[in-house]
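One structure is given here, and the rest of the page talks about it.
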Amino acid sequence: LLLACKYEEMTIPGMNDFVYVSDNAYSKEDMKEMERRVISALSFDLGRPLSINFLRRYSKIVQATDIEHTLGKYLLDLTFIDYSFSHLLPSYVSACASFLSRYLFAYKSLTTTTSTLSLIENIWPSKFMKYHTGYTYEDLCHGIKQLAELLIGQDSTKLRSVQKKFSQ
């Protein structure tokens, strides 16, 4: 319980509170020792980062606008209800969502003199983004296509919870 509180809560109860709740069945030292055992048994692996954590980081790196970031969150939420994304790394899905959201807004301002390649390089500078995310545009191509198809298919789906969430 103490470990769960430390992991999940903003403020945690003191050790004395846990001793009191256990009716003094366990001492502070007993609790500390058990906490060490649990953490060791878990090999200090208490959780993994969520896709939203990666999206926030990527949005800061590329200086995404609020609307680009919000579209990225919408795209991430769509992936939560689609089984084909369940095996992909959260960092990968977030990178795809970040790229696609920026691309959709940048594409609107695409002129006839701007090449698609320069637009892509502007949205996802290869060496810079490879360093910060671990992915190049080429790494993301399949996931971006899959995510775009998911977005296009939203008109025909019966699952409307994500749309309702973001329409408010």
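The values are calculated or read from the model by the stated rules, or taken from the named source; none is laboratory data. In this text, all values refer to a predicted model and were calculated from it rather than measured experimentally. A quick note on method: Cβ atoms are made from the backbone with ideal geometry, for glycine too, and the neighbour counts reach across all protein chains shown.
Key figures for this structure:
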{"read-out": "Pairs with Cβ under 8 Å, 6+ apart, first in region 1-26 and on the phi < 0 side of the Ramachandran plot, second among the small types (G, A, S)", "value": "Y7/G47; V19/S27"}
{"read-out": "Test set (1) among the β-branched types (V, I, T); (2) modelled with pLDDT of 90 or more; (3) surrounded by 12 or more Cβ atoms within 10 Å (Cβ to Cβ) - I81 fails condition number", "value": "(2)"}
{"read-out": "Given (1) modelled with pLDDT of 90 or more; (2) part of a helix (DSSP H, G or I); (3) closer than 30 Å to V93 by Cα, index of the condition A4 fails", "value": "(1)"}
{"read-out": "Positions within region 122-168 being of a type in the set (G, A, S), over 21 Å from H87 (Cα atoms) and free of Cβ contacts under 8 Å to residues at least 24 places away in the same chain, in sequence order", "value": "S126, S156, S167"}
{"read-out": "Residue in region 128-138 that is more than 19 Å from the chain's Cα centre (by Cα), under 22 Å from N53 (Cα atoms) and not in a loop (DSSP other than H, G, I, E, B) present", "value": "yes"}
{"read-out": "Matching residues in region 112-145 - criterion: being among the small types (G, A, S) and crowded, with 16+ Cβ neighbours inside 10 Å", "value": "G143"}
{"read-out": "Test set (1) within 25 Å of T136 (Cβ to Cβ); (2) in a helix (DSSP H, G or I) - F18 fails condition number", "value": "(1)"}
